[in-house]
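Notes follow the structure.
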Amino acid sequence: MIGPRWDELSERLAEALASPDPLARVAASGDPDLIELVAWHVSAGGFLEDRRERRENPWLGRKVGGRYRLKRVLGRGGAGVVFEARDEQVAERRVVVKLLHDFWSSEDWMRRRFREEAGVLTQLDHPGIVSLIDAGEVEDGRLFLVLPFHEGRTLREALADGPLDAAFTARLLREIGDAVGYAHARGVVHRDLKPENVLLVRRADGEHPLLIDFGIAQVADAAGPHSTTTHLMGSAFYMAPEHLLGKAEAASDVYSLGVIAWEMLAGARPFESATPFALPALQREGVGDAFYRLRPDLGTAVGRLLTQALAFNAARRPAPVTAFTAELADNLQAGALDSRLARFWVQRRSRRFMLASGATALVGAAVGGWWLRDWLTPLDAAERVIDFPRGDSAELAGFGITRELTERAIRSFPGGAVTAMRYLTPDQGTLYKRLTPQQQEWALRRGWKLSALCRPESGHAGVGVENGTSPPAFVAHLEAIRDGVELIAVTQVRDGVDGIRASLSATSAPTLMRLEMAYDPVSARATISVDGQILIRDYAGHTEYRGGPSVFFAVDTADGSMASAVFGGLHFEILA
Amino acid sequence: MPEPGEITSLLHRLRSGDRAAEDRLVEKAYPELHRIAEAHFRHERAGHLLQPTALVNEAWQKFVALDALELSDRVHFLSLCSRLMRQILVDHARRRATHERAVESMRIDDRLEADALDLDRALRRLAEAQPRAARVVELRYFGGLSTEEIAQCLDVSPATVKRDWLAARAWLYGQLYGDQA
């Protein structure tokens, strides 16, 4: 790559970064050098960028457009920063200011795109679409947009607790469909519908959806040092096949709404894959009757509509979008009587819990008797256990390793036996082993135990089990803090890791700690212990990890500097 | 500490083709850069590799008031400093690696040294094939120069500097971490 093609590739990289989804943009090119370069860019995070400047943002406290004083950073990306600001000319009202980086502000195409998108917003006047207050240029030529500030949560945040109530889903989808249909009628395709881009604004009569980011926030999310692979994938999962291959049309928005509706009702997306390149193949394969099997209580019509919306061929999807969302909403309201039971079922697909609570007959009637036969199948010991023996590398243990993570062997003495592995990452990295569908079922039904020897040196060292569908992921982190180590049962990873915390006694000795987690399917809760002592009980997990069912170790940066952790093996066992 | 006037006149001599002026400038700048860097190594347990720009800026402020020189002088001087700073970081990493190779320590510092050396190796490879792109990285990462300053220094357009930076950064990341997947 660093040969005669340098100038061409660097030009094409810069072009790709101008699109909302650089990897998707180059995926279809079939040019492995280019795809690799873009993938490296996306993975590189803040590599070699000056972190000090980012922390002490020089714009805070300054005024743009002569009236909007920047108060706090809401988000940032490679192309710009999003601030909360006060409009000093109108009663100190709260507004959102999006400021393009100077790095991009001198690029004609980026300026053009920024202005085009501002133009789109001024054309659209709908209660379900965010409005544009102002736009302009600061002294040094950087462009900015001003949007109203809304209190509320994103649909993504609402989905953190699992599937949503069917009647609520019906109302939201109907209103989102109206807003998207309004835009379509004016020739505007959203192109990036996903739960992150739907704000649920609280009004007197409940929450109402507001579409944000008609491409504009992509300026902040798209191309840059901060966007990560997961971030990018967040968008790709909602993109129609023709959009992934480069061309979005109105039917692409219908597809995205199909994925969103699926997630609102089933708690997980129809397709998951490790890279965006694998998505079109999955999309071509289709979903079959998968939705009906997940939510039989909603009847066949809902499943059929979602299957149609997710059709690989854009021409086969329902149109116009309002007809799709209205019919879906009508059928959801018809089926809403059963939704509480179904939600219960989808959230806690623990057969033992069902049996214990006497709900067997109801659930059995809803989903058929197949699960009962399954329950009686004896477990093969070799299938119950996943091991990463002490001293093995990821390769030896058959674990996948994400490219953000570097593995280095630690030896007892130079040339001696490998006793552990040190993992380094500038961002976030994971070692994982996928659970087979059978293992996933067993783990949920019979419970599991996970133990690992580990020590965080900088940042977080974590282990976890991702259940895959609606029951949440269970993740325990050890965090290196100034005077020792803190244990965290993770409940949130966005905007920094958070969860139930417990302090460990200070230890300066470089010893590995034994971190153990045990999941009880009856209560659907886990306990976490360190070196044999139980520190956290009744941990209900969280729903943000969506990498597919797996057992994993993870290393995370805590503050943007390099994260480092030592692991001396891992053992996962499904209870017999 | 050299006088601001001396730096300016050395830079003027350098621009008029006097190579001896460069040696003299290095002689002036190196000890100061080195001293500042060492002070940071002692106090910043981790992360010094991430902050060479700050070191060079600190050195710069010690030498001359920011506006005492013409822009072109500043650019030349920082360009020189960026090269020196890269050398200092690499020397430091090598020294540490030699001292501590025998000890399998469980400390976090050692990885930074490894990274400094890995980055240096990757930059050398880049410099062989794409000298301009390697220079852009050196000036931006080790010297803290802005896109405009780099463009002026290398006598190319700012657009070229940006493209080189994006591609080189991605490529370097791939060399350091990309094969781990």
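The values are calculated or read from the model by the stated rules, or taken from the named source; none is laboratory data. The structure presented is a predicted model; accordingly, all values stated were derived computationally and were not measured. Backbone-built Cβ (ideal geometry, glycine too); neighbour counts: all protein chains shown. Please note that ligands, DNA and RNA were not included when accessible areas were found on the heavy atoms of the full protein model with its side chains. Shrake-Rupley method; radii C 1.70, N 1.55, O 1.52, S 1.80 Å.
More than 28 Å from B:A116 (Cβ to Cβ), at pLDDT 85 or above and either open to solvent by less than 40 Å² (accessible area, probe 1.4 Å) or within 14 Å of chain B (Cβ to nearest Cβ) (or both) - does that describe any residue in segment A:500-511? The answer is yes; a qualifying residue exists. In this structure, A:G400 does satisfy being in contact with a helix residue (DSSP H, G or I) (Cβ under 8 Å, 6 or more places away or on another chain), within 14 Å of another protein chain (Cβ to nearest Cβ) and modelled with pLDDT of 80 or more.
Taking segment A:520-536 as the range and being assigned to a strand (DSSP E or B) and either open to solvent by 50 Å² or more (accessible area, probe 1.4 Å) or among the β-branched types (V, I, T) (or both) as the test, the residues that pass are A:D520, A:R525, A:T527, A:I528, A:V530, A:Q533, A:I534, A:L535, A:I536. Would you check if A:V38 is within 14 Å of chain B (Cβ to nearest Cβ), under 26 Å from the mean Cα position of the chain (by Cα), surrounded by 20 or more Cβ atoms within 10 Å (Cβ to Cβ) and at pLDDT 80 or above? Answer is yes for this residue.
Within segment B:148-181, being facing another protein chain (nearest Cβ under 7 Å), at pLDDT below 90 and open to solvent by 20 Å² or more (accessible area, probe 1.4 Å) holds for B:Q180, B:A181. Given the structure, is A:A554 open to solvent by 20 Å² or more (accessible area, probe 1.4 Å), at pLDDT 80 or above and more than 13 Å from chain B (Cβ to nearest Cβ)? When the stated conditions are applied, A:A554 does not pass them. From the list A:G447, A:G462, A:G429, the lone residue that is touching a helix residue (DSSP H, G or I) at 6+ places or on another chain (Cβ under 9 Å), touching a residue at least 12 places away in the same chain (Cβ under 8 Å), within 25 Å of A:F47 (Cβ to Cβ) and open to solvent by less than 20 Å² (accessible area, probe 1.4 Å) is A:G429.
The residues of segment A:71-95 that are modelled with pLDDT of 90 or more and in contact with a Leu (Cβ under 9 Å, 6 or more places away or on another chain), listed by number, are A:A85, A:R86, A:V95.
For segment A:410-462, the set of residues classified as more than 22 Å from A:D520 (Cα to Cα) and among the hydrophobic types (A, V, I, L, M, F, W, C) consists of A:I410, A:F413, A:A417, A:V418, A:A420, A:M421, A:L424, A:L431, A:C454, A:A461, listed by residue number.
Which of the residues belonging to segment A:311-338 are of a type outside the set (S, T, N, Q), closer than 22 Å to A:F168 by Cα, under 28 Å from the mean Cα position of the chain (by Cα) and open to solvent by less than 20 Å² (accessible area, probe 1.4 Å)? If the condition is that a residue be of a type outside the set (S, T, N, Q), closer than 22 Å to A:F168 by Cα, under 28 Å from the mean Cα position of the chain (by Cα) and open to solvent by less than 20 Å² (accessible area, probe 1.4 Å), then A:V321, A:F324, A:L328, A:A329, A:L332 are the ones that fit.
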